[in-house]
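Where a number appears in this text, it was derived from the coordinates with a stated rule and is not lab data. These numbers were taken from a predicted model, which means no experiment stands behind them. A quick note on method: Cβ atoms are made from the backbone with ideal geometry, for glycine too, and the neighbour counts reach across all protein chains shown.
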Amino acid sequence: MPGYLDPGFDTLALHAGAAPDPSTGARAVPIHLTTSFVFESSDQAASLFNLERAGHVYSRISNPTNAVLEQRIAALEGGIGAIATASGQAALHLAITTLMGAGSHIVASSALYGGSHNLLHYTLSRFGIETTFVKPGDLEAWRQAVRPNTKLFFGETVGNPGMDVLDLPAVSQIAHAAGVPLLVDATLTSPWLMKPFDHGADLIVHSATKFLSGHGTVIGGLVVDGGSFDWSGPHTEGKFAELTQAYEGFHNMVFTEESTVGAFLLRARREGLRDFGACMSPHTAWLILQGIETLPLRMARHVSNTEKVVNFLAAHPMVSRVGHPMLEGHPSYALAQKLLPRGAGSVFSFDIKGTRQQGQTFIEALQVFSHLANVGDCRSLVIHPASTTHFRVDDETLKASGIGPGTVRLSIGLEDPDDLIDDLKRALKSAGRTA
Amino acid sequence: MIYKVQGQPLYAYTGGKTFDPAKPTAVFIHGVLNDHSVWILQTRHFAHHGWNVLAIDLPGHGRSGGKAPESVEDAAECLVQLLDAVGVQKAVLIGHSFGSLIALHAAAQLADRVTQLVLVGTAYPMRVSPALLESSLNDPQNAIQMVNIFSHATLAPPPSALGPGTWLLGGSKALMRRVLASNPHENIFHIGFKACDQYDQAKEAMSKVACPTLFLLGQKDQMTHPKGAQSLIQIAKNAQVVFVNAGHQLMVEAPEETLKALIHFCQK
């Protein structure tokens, strides 16, 4: 450690978890493309399997390249450790299935990525895990939704695509009073914009596919544990037997006895990765690490570009609404000022005055923005829900979902901001001509 | 496992095994604001390799009840009574930092009941700076930050307590916050530091210890610098010194080297 203070964010983004390779001297993180690792002896092998020694056995469970990524994201989030997974969805699935089984209940924000909503509402309910969805800003609804079998609160730091900022201090307080942890999806903010553990969250999931990578080349996810939730603490009343009782599936280990603060991660890796197997490729981990090295620089640019684009759109006569919390009219403006002082991210939606056809014309006239279904790329991205993801839905139903015929979602990238504004200006002009 | 010691419940992690009087016993004693889980890898290994393990939570810490010991002498007395309560006639004592002073003082009392003594990350005198003492009393969260920066030597630790992907700096802070919160009745952080700072019996205790003593020291330890152990090494009758490439929390920063040194020493 270099000094008397905790290392800063930019230093950790480059160095956490990585040292020059002891066998080759390689300074950059090597990609360990190997399925398995040779044991020193039969006794060492048995010790590794029995958690008496720490090391790598098989790359589904751990890998040295992945371990660097796991340490790095844990360092950036202020957590105790992390697990890399095949995707953000796999990370969410791992977090949930480590904590509960059939007969359990989750309270979740209704402002979620569609894939997360599907997992909770349709898929997990098939396996006996029910979810009650509440409006993220309705604190009484969070409180009222708690049942005796509730095991988890879940929300997004900033909800996609309405940009509802989750009131982490308030929601975590309600969760903790109910004896359950708060898990947040921090994909759209990344630790550079917000550190959810500082505001009361207990667990974090990321789709590392987005801002952490930044290059739009790989799919990956991460689960991070803050080490703050006491699984046998006040109000838990035996809810987390998966962690506090002997587990026959792993040498009758009582995870909370083995590790006072790391029981969740112990079980998630030793059961979830082992048995469900949604692990990350070491090559993917390496690519995500390349992204994280420049995360502070990129996020600053994402935010400054977004501010310019938002200001341009807010003043444009063809635009009826811009849904970004940096604007005073946004319902989350005050919360964003408090929880996201560096900026509220670069994914947001806006409405074009006019018809569904005009929205489509706008999209097709764009030349710099890429029309696709992703966010958090270094390139600027756009999608028009009414003509793509919701094209079969009539205008009334769209409205009920908070989507208008002219609603457009943008993910602002790292291009020259003037070029982004020119591109939008040209496309809005085309849409205007279509009227 | 909970034992009744001095009328209070005292927790000792046994490494996933039940106590067997036929096996030798190793007692692990943690440092200030830590608990049994700092030894997770070493204790589990010992327990599965022919040893009884008693990795205690000091009184008033974690899962143990009672008041936190206000002096090294009080903590050592508790340790002696634990061995009596469990019926252990002979044991290896292994202590880290504050725990090393406790192990040393207990070894002096227990004489030939201690077969080997291991002092991990030790120094004498174990002075705590006035700033840290004050901070542990009035601003413990800030003191936790300070202690952890001084206690860790690397941003790239090897696979550790939770396996690969463990971020030790965060893990150690989270543990200290949890242990501090485990006792709302007294500031066990400040009490522990004061006990270290005020202990003045180490030389006398060391001179009474006849069993082999291992000094297991972190080369990059900024909390208890390796030079600080010299005063005891010179007195110890049967000393062995092993340096590990780590900071103060060497059990988690260099778990393999720590384990190998313990096995090598304890199997003699």
Determine the distance separating the Cα centre of the stretch A:38-57 from the Cα centre of the stretch A:233-296; give it in Å without decimals. 19 Å
Cα gyration tensor of the stretch A:195-284, axes a ≥ b ≥ c as square roots of the eigenvalues: rounded (a/c below 1.5), prolate (a/b > b/c) or oblate? oblate
For B:Lys194, A:Lys425, B:Lys227, which order do you get if you count the other beta carbons within 10 Å of each Cβ and list the fewest first? B:Lys227, A:Lys425, B:Lys194
So what are the stretch B:190-268's ellipsoid semi-axes, whole angstrom, largest first, if each one is the square root of 5 times an eigenvalue of the alpha-carbon gyration tensor? 21, 19, 11
In deg cm²/dmol, rounded to the nearest 500, the helical mean residue ellipticity at 222 nm of chain A, built from -39500 (n - 2.57) for every DSSP H run of length 4 or more, is -10000 deg cm²/dmol
Among A:Ala16, A:Ala86, A:Ala246, the residue with the largest mean-square fluctuation in a Gaussian network model of chain A built from Cα contacts under 10 Å is A:Ala246
Hull volume in cubic angstrom per residue (convex hull over the Cα atoms of chain A): 151 Å³
What 222 nm value per residue comes from the helices of chain B, counting each DSSP H run with n ≥ 4 as -39,500 (n - 2.57) and dividing by all residues, nearest 500 deg cm²/dmol? -12000 deg cm²/dmol
Among all the lysines, which ones have a C-alpha under 27 Å from B:Lys260's C-alpha, if same-chain residues fewer than 8 places away are not counted? B:Lys17, B:Lys23, B:Lys90, B:Lys173, B:Lys220, B:Lys227, B:Lys237, B:Lys268
Per-residue HN-Hα couplings for the stretch A:22-33, Karplus 6.51 cos²θ - 1.76 cosθ + 1.60 at θ = phi - 60°, whole Hz, x for Gly and Pro? x, 8, 10, x, 4, 7, 6, 5, x, 8, 8, 7
Under 30 Å from A:Lys429, Cα to Cα: lysines that are on another chain or at least 8 residues apart: A:Lys308, A:Lys353, A:Lys399
Does the stretch B:2-266 come out rounded, prolate or oblate by the C-alpha gyration tensor, with a ≥ b ≥ c the root eigenvalues, rounded set by a/c under 1.5 and, if not, prolate when a/b is larger than b/c and oblate if not? rounded
Give the lysines whose C-alpha is closer than 18 Å to that of A:Lys210, dropping any in the same chain fewer than 8 places away, or say none. A:Lys195
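May I ask you to derive the relative contact order of chain A, considering only C-alpha pairs under 8 Å and at least 6 residues apart, and to give it as an integer percent?
Details: 854 pairs, mean separation 67.6, N = 435.
Answer for chain A is 16 percent.
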Karplus couplings for the stretch A:418-434 from phi (6.51 cos²θ - 1.76 cosθ + 1.60, θ = phi - 60°), rounded to Hz, Gly and Pro as x? 5, 5, 5, 5, 4, 4, 5, 4, 5, 5, 5, 4, 4, 4, x, 5, 6
Given N residues in the stretch A:296-434, what is Rg(Cα) / (2.2 N^0.38 Å)? 1.00
Quick one: 3J(HN,Hα) in Hz for the stretch A:371-384, Karplus 6.51/-1.76/1.60 with θ = phi - 60°, rounded, Gly and Pro as x. 8, 6, 9, 7, 9, x, 7, 5, 8, 6, 10, 8, 8, 10
5 angstrom amide H check on A:Val319, placed H, neighbours 5+ away: A:Lys353
